[in-house]
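For reference, the structure is listed below as structure tokens.
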Amino acid sequence: MDNGEAGRERAPQSSIADEHRLLIEHIDAASNAIDLFFAAPANQAGADARRIIALLEDLRDVAQAHFRHEEALMTKTAFPGFTCHKRDHDYLLKNLIHFTSALSHDTVPFAPDIGVNLRSWLTYHIRKYDDAYMAFIETGTFEAGDEDCEAVS
Ligand SMILES: [Fe+2]
Ligand SMILES: [Fe+2]
């Protein structure tokens, strides 16, 4: 329900925050399925593994859509940290795609820390990159030191 607010544009910060919540929900779902996988009897593991892969594929799609949205906003607002920020998106997405593909082809084993790793890459990215971009939207200022990717060519 929009309480008659049709036509009023939402601030980009609130839609980004909604997308971050959605990403966290997807990470929680995958993490919980991984916890269950390691708690389940061995004969259930096959079915649970397929479910985990499906959840990771959903997470990949949600992350990809979110990253595209942020990148479009950064381009629109001429954000000076765009290159570094996008580089981290590309790195995260590439790893998620490769990792999910390796799991689905059985070339990498399931490990109990997958969920922890997913959560830590997301929180690190949000704290380091997304917060700097949100601050830029709100204040119009950006400190190059907020994103120290100068050394990467
Ligand atoms: Fe981002
Ligand atoms: Fe983000």
Kindly put Met74, Met134 in sequence by how many other C-beta atoms sit within 10 Å of each C-beta, fewest to most. Met134, Met74
Stokes-Einstein D for the stretch 38-109 at 4 °C, 1.567 mPa s, Kirkwood Rh over Cα pairs, in µm²/s? 92 µm²/s
Just subtract the alpha-carbon distance of Arg10 and Leu93 from 0.36 nm times their residue separation and send over the number in nm, one decimal. 27.2 nm
Mind listing the phi-derived Karplus ³J(HN,Hα) values for the stretch 84-97, rounded to whole Hz, using 6.51, -1.76 and 1.60 with θ = phi - 60°, and x for any glycine or proline? 5, 5, 5, 4, 5, 4, 4, 5, 4, 5, 4, 5, 5, 5
Cα-based equivalent ellipsoid, the stretch 12-140: semi-axes from gyration tensor eigenvalues, Å: 32, 14, 11
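None of the figures in this text is laboratory data; all of them are computed from the coordinates on show. These numbers were taken from a predicted model, which means no experiment stands behind them. Counting neighbours? That spans all protein chains shown, and the Cβs are built from the backbone with ideal geometry, glycine included.
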